[in-house]
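Bear in mind these aren't lab numbers, they're just calculated from the coordinates by the rules spelled out. Note that this is a predicted model, so its numbers are computed, not measured. Here the Cβ positions follow ideal geometry from the backbone for every residue, glycine too, while neighbour counts run over all protein chains shown.
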């Protein structure tokens, strides 16, 4: 579902540690997707229309500005854009927009979704993020052990050993303590060229695709094709400690795959 690594997969497969890390990264991205979008299914979050097109574009432009400003080597935002990041993290207060809910702006073939979290909502997010990762990684370890351990060849055993050693603390991976202790502002992103909108809607959020993208852009109910279901997807995750509290702002941009992509 997410962008493939740029390295030659045949080269990566021969390195057990790299192979294990690749699976860890895959499950980490899926854990973030679930933790960000499971609100309607788990926490009574609502999808609310954001009818102010100028505000939606302002959020999009600011996220783009922040992404361009940060180094490719670090998600920590540099000082020249920290004021913009803080303003975006508190925009829900300034515009009287609810936290926890999903504020959705739609155009034909294009959707922008913004979600803010603060206070206890941030704590819940990190708890769920870790739980999703642990469940996926733990199940995969067990499946791989049962499927491969009998082979006893050194490369396979080295891979299983590297896989067993994977122990990702998601709060550490997402720099939660430095954010709180040092006041850092952090932005990370993930993208998928081909996101199945039905997977996001039905499986992750427990809503209909039309609830997300609107009736005009939703896939047909009967026998949708792969093209009907495919959307480009990019998620921005902005985190910081502002006004004596943790805050998060998630911004997702979705665009319908057009005929030229097929």
### Lone qualifier among 190, 255 - being touching a helix residue (DSSP H, G or I) at 6+ places or on another chain (Cβ under 8 Å) and touching a residue at least 24 places away in the same chain (Cβ under 8 Å)
190
### Query
Any residue in the stretch 211-232 that is under 29 Å from residue 70 (Cα atoms), touching a helix residue (DSSP H, G or I) at 6+ places or on another chain (Cβ under 9 Å) and surrounded by fewer than 20 Cβ atoms within 10 Å (Cβ to Cβ)?
yes
### Query
Does the stretch 232-247 contain any residue that is farther than 23 Å from residue 100 by Cβ and not in a helix (DSSP H, G or I)?
yes
### Task
Please work out which residue is surrounded by the fewest Cβ atoms within 10 Å (Cβ to Cβ), limiting yourself to the stretch 140-170 and to residues that are assigned to a loop (DSSP other than H, G, I, E, B) and within 25 Å of the chain's Cα centre (by Cα).
167
